[in-house]
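Q: For reference, the structure I am asking about is given below.
The values are calculated or read from the model by the stated rules, or taken from the named source; none is laboratory data. Note that this is a predicted model, so its numbers are computed, not measured. Heads up, the Cβs are rebuilt from the backbone with ideal geometry, glycines too, and the neighbour counts pull from every protein chain shown.
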2 protein chains.
Amino acid sequence: MGMGRPREFDAEMALDQAMEVFWRHGYEGATIAQLTEAMGINPPSLYACFGNKEGLLKAALDRYTKLRGVWMDEVVAAPTARAVAERMLMGIADKQTDPANPPGCLLVQGGIACGTGSENVPFELAARRAQNEDQLRERFVRAKAEGDLKPTSDPAALARYVSAVSVGMGVMASSGSDREALRQVADVAVQAVEAQSAEKT
Amino acid sequence: MGMGRPREFDAEMALDQAMEVFWRHGYEGATIAQLTEAMGINPPSLYACFGNKEGLLKAALDRYTKLRGVWMDEVVAAPTARAVAERMLMGIADKQTDPANPPGCLLVQGGIACGTGSENVPFELAARRAQNEDQLRERFVRAKAEGDLKPTSDPAALARYVSAVSVGMGVMASSGSDREALRQVADVAVQAVEAQSAEKT
DNA sequence: CCACATCTGTAGTGAACACTACATATCTGG
DNA sequence: CCAGATATGTAGTGTTCACTACAGATGTGG
């Protein structure tokens, strides 16, 4: 029994192109025609490889969060809660205005509200954003245990806050705010984390 | 010459229903069938009154921002920059989790990314969000002039920051965060504004 | 070289979409 | 009561959508 004709395209490179289309137009705004053209394949190849449009989105999200996860590891490796917040928010200011990518964040652009039949998409995106928030929360829990954050501070609230600011910056970026504007937001936002930090001794 | 048959529905009540559909499903996710059913009218009445789907959205946005404008006036009437931020963000925490409305903010849920033919929608929403930001900035400029904010503070950056947090909270609300979670975010966020406030004398 | 398995390109499928033609109904002004 | 004007309900219009049937191409194992 043979193994069949081999695939003629690179799945990861195709995913990168699909990711950009979803990023720019959102899940519902992206059409199969746009996706296949960007990926350089025909619809049957797409469906054979990813199942359907939502499967392609999930694969693109997997790839996105995998790349992003590497960076998040660097973020939480910062020495203090304040440094974590600064590294995260300043990094986001830069990443979300990087001309190499569409503006904003795929986890927001992908779809905040969707129509009937795609109700699952916003949940999917929210779940991935929640993963980042969890990682931040764990880091802030540690910061509190280490005495880096005040004993009265709430690590979960801080993580939610940083996550919320990140999302807000993503929307700003996608609607035309430039890097400098985002950095100013990040700069102000970090001060709230600083206010929760223990005094320097 | 006669004046023609009078309209049988109330345009504002119909708009309220349309607003809720856009709010819940976004511009692209909302269908004319859903809109007409919610509004209690048939498609020809919709098109005669609002032109097309995008015209209906703009009319709904006008109504939304008009209602919201009343509240924003109360927000900027708070005595200090810190109080403005607190009233705004705490109010948003409550409004965006009010079960009387869909969760989140129409200016975000309406559409952050859209497909070909609706590229104008995200711009339209961004422009309305910018109006709020302008109002905040003017208020913070005044706060700085009054010595309420530090001489080193940047009112424009502060306004952008509060606006960004508001948007982030809207996304959180639409993805299931409850009122308490949003209030915690607001509470942390206010501390950044406080850090820019002059010392109490 | 053959049986089999998988991929690829062409060319569609039915369904859902935004939008509208048209006949009818209901008003005002004369 | 009639003419003109505008609204309404029915029943569609063409287009675009996600998705697929099918035939041919290209590989592997025997």
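Q: If you scan segment A:47-57, which residues turn out to be over 19 Å from the mean Cα position of the chain (by Cα) and either near DNA strand D (Cβ under 10 Å from one of its atoms) or among the small types (G, A, S) (or both)? I'd like the intermediate steps shown before the answer.
A: Residues of segment A:47-57 that are over 19 Å from the mean Cα position of the chain (by Cα), as a first pass: A:47-53.
A:Y47, A:A48, A:F50, A:G51, A:N52, A:K53, listed by residue number.
Q: For segment A:147-154, does any single residue satisfy the condition of being touching a helix residue (DSSP H, G or I) at 6+ places or on another chain (Cβ under 7 Å), at the interface with another protein chain (Cβ under 8 Å from one of its Cβ atoms) and under 21 Å from A:Y27 (Cα atoms)?
A: Checked against the condition, which is being touching a helix residue (DSSP H, G or I) at 6+ places or on another chain (Cβ under 7 Å), at the interface with another protein chain (Cβ under 8 Å from one of its Cβ atoms) and under 21 Å from A:Y27 (Cα atoms), segment A:147-154 yields no hits at all.
Let's see how each residue does on (1) part of a helix (DSSP H, G or I); (2) facing another protein chain (nearest Cβ under 7 Å); (3) under 12 Å from A:A85 (Cα atoms):
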{"residue": "A:R142", "(1), (2), (3)": "yes, no, no"}
{"residue": "A:S177", "(1), (2), (3)": "no, no, no"}
{"residue": "A:A181", "(1), (2), (3)": "yes, yes, no"}
{"residue": "A:A192", "(1), (2), (3)": "yes, yes, yes"}
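Q: Hey, another quick one. Restricting attention to segment A:22-55, and to residues there that are hydroxyl-bearing (S, T, Y) and closer than 21 Å to B:G111 by Cα, which single residue is surrounded by the most Cβ atoms within 10 Å (Cβ to Cβ)? Break it down stepwise before answering.
A: Start the filter on segment A:22-55 by keeping residues that are hydroxyl-bearing (S, T, Y), which leaves A:27, A:31, A:36, A:45, A:47.
Restricting the remaining residues to those that are closer than 21 Å to B:G111 by Cα gives A:27, A:31.
On the way: A:Y27: 27, A:T31: 14.
Step by step, filter segment A:22-55, then rank; the result is A:Y27.
Q: Sticking with this structure for a sec: Against the condition within 10 Å of chain A (Cβ to nearest Cβ) and either part of a helix (DSSP H, G or I) or of a type in the set (V, I, T) (or both), how does B:P122 come out, does it pass? Reasoning before the result, please.
A: Details: within 10 Å of chain A (Cβ to nearest Cβ): yes; either part of a helix (DSSP H, G or I) or of a type in the set (V, I, T) (or both): yes.
Against the criterion (within 10 Å of chain A (Cβ to nearest Cβ) and either part of a helix (DSSP H, G or I) or of a type in the set (V, I, T) (or both)), B:P122 qualifies.
Q: Can I ask one more? If we only count helices (runs of 4 or more DSSP H) wholly inside segment B:15-112, which ones have 3 or more residues that are more than 25 Å from A:A30 (Cα to Cα) and in contact with a helix residue (DSSP H, G or I) (Cβ under 9 Å, 6 or more places away or on another chain)?
A: B:32-39, B:43-50, B:53-76, B:81-95
Q: What residue, of B:S197, B:S118, is of a type in the set (S, T, N, Q), within 16 Å of DNA strand D (Cβ to nearest atom) and out of contact with any Cys (no Cβ under 6 Å at 6 or more places or on another chain)?
A: Step by step, each of B:S197, B:S118 is checked, and only B:S118 is of a type in the set (S, T, N, Q), within 16 Å of DNA strand D (Cβ to nearest atom) and out of contact with any Cys (no Cβ under 6 Å at 6 or more places or on another chain).
Q: If we keep just the residues of segment B:1-28 that are under 19 Å from the mean Cα position of the chain (by Cα) and within 9 Å of DNA strand C (Cβ to nearest atom), which is farthest from the other protein chains (Cβ to nearest Cβ)?
A: B:Y27
Q: Right, another one. Given the conditions (1) within 14 Å of chain B (Cβ to nearest Cβ); (2) away from DNA strand C (no atom under 11 Å from the Cβ); (3) more than 17 Å from A:A127 (Cα to Cα), and given that A:V70 satisfies all but one, which numbered condition is not satisfied?
A: The failed condition is (1).
Q: Against the condition farther than 21 Å from A:G115 by Cβ, within 14 Å of DNA strand D (Cβ to nearest atom), modelled with pLDDT of 95 or more and away from chain A (no Cβ under 14 Å), how does B:P44 come out, does it pass? Steps first, please.
A: Working: farther than 21 Å from A:G115 by Cβ: yes; within 14 Å of DNA strand D (Cβ to nearest atom): yes; modelled with pLDDT of 95 or more: yes; away from chain A (no Cβ under 14 Å): yes.
Spelling it out, B:P44 is indeed farther than 21 Å from A:G115 by Cβ, within 14 Å of DNA strand D (Cβ to nearest atom), modelled with pLDDT of 95 or more and away from chain A (no Cβ under 14 Å).
Q: Could you grab the pairs with beta carbons closer than 9 Å, sequence gap of 6+ or different chains, first residue in segment A:184-200 and of a type in the set (D, E, K, R), second one in a loop (DSSP other than H, G, I, E, B)?
A: Listed by first residue and then by second, the contacts come to A:D187/B:D154; A:E199/A:K150.
Q: State all residues of segment B:66-97 that are over 18 Å from B:Q191 (Cβ atoms), surrounded by fewer than 17 Cβ atoms within 10 Å (Cβ to Cβ) and under 14 Å from the mean Cα position of the chain (by Cα); if no residue qualifies, say none.
A: B:K66, B:L67, B:G69, B:V70, B:W71, B:D73, B:D94 - these are the residues of segment B:66-97 that are over 18 Å from B:Q191 (Cβ atoms), surrounded by fewer than 17 Cβ atoms within 10 Å (Cβ to Cβ) and under 14 Å from the mean Cα position of the chain (by Cα).
Q: Scan (1) surrounded by fewer than 18 Cβ atoms within 10 Å (Cβ to Cβ); (2) within 15 Å of DNA strand C (Cβ to nearest atom); (3) away from chain B (no Cβ under 14 Å); (4) closer than 28 Å to B:V108 by Cα for the single condition A:K58 breaks and write down its number.
A: Condition not satisfied by A:K58: (2).
Q: Right, something else. Could you grab me the full set of residues in segment B:155-175 that are at the interface with chain A (Cβ under 8 Å from one of its Cβ atoms) and closer than 14 Å to B:M88 by Cα? Steps first, please.
A: Filtering segment B:155-175 for residues at the interface with chain A (Cβ under 8 Å from one of its Cβ atoms) gives B:156-158, B:160-161, B:163-169, B:171-172, B:174-175.
Across segment B:155-175, the qualifying residues are B:L158, B:R160, B:Y161, B:S163, B:A164, B:V165, B:S166, B:V167, B:G168, B:M169.
Q: Turning to a different aspect of this structure: Are any residues in segment A:1-41 within 9 Å of DNA strand D (Cβ to nearest atom) and either among the aromatic types (F, W, Y) or touching a Phe, Trp or Tyr at 6+ places or on another chain (Cβ under 6 Å) (or both), and if so, which ones? Before you say what the answer is, go through the steps one by one.
A: Here is the first cut: in segment A:1-41, the ones within 9 Å of DNA strand D (Cβ to nearest atom) are A:1-6, A:8, A:27-36.
A:Y27, A:A30 - these are the residues of segment A:1-41 that are within 9 Å of DNA strand D (Cβ to nearest atom) and either among the aromatic types (F, W, Y) or touching a Phe, Trp or Tyr at 6+ places or on another chain (Cβ under 6 Å) (or both).
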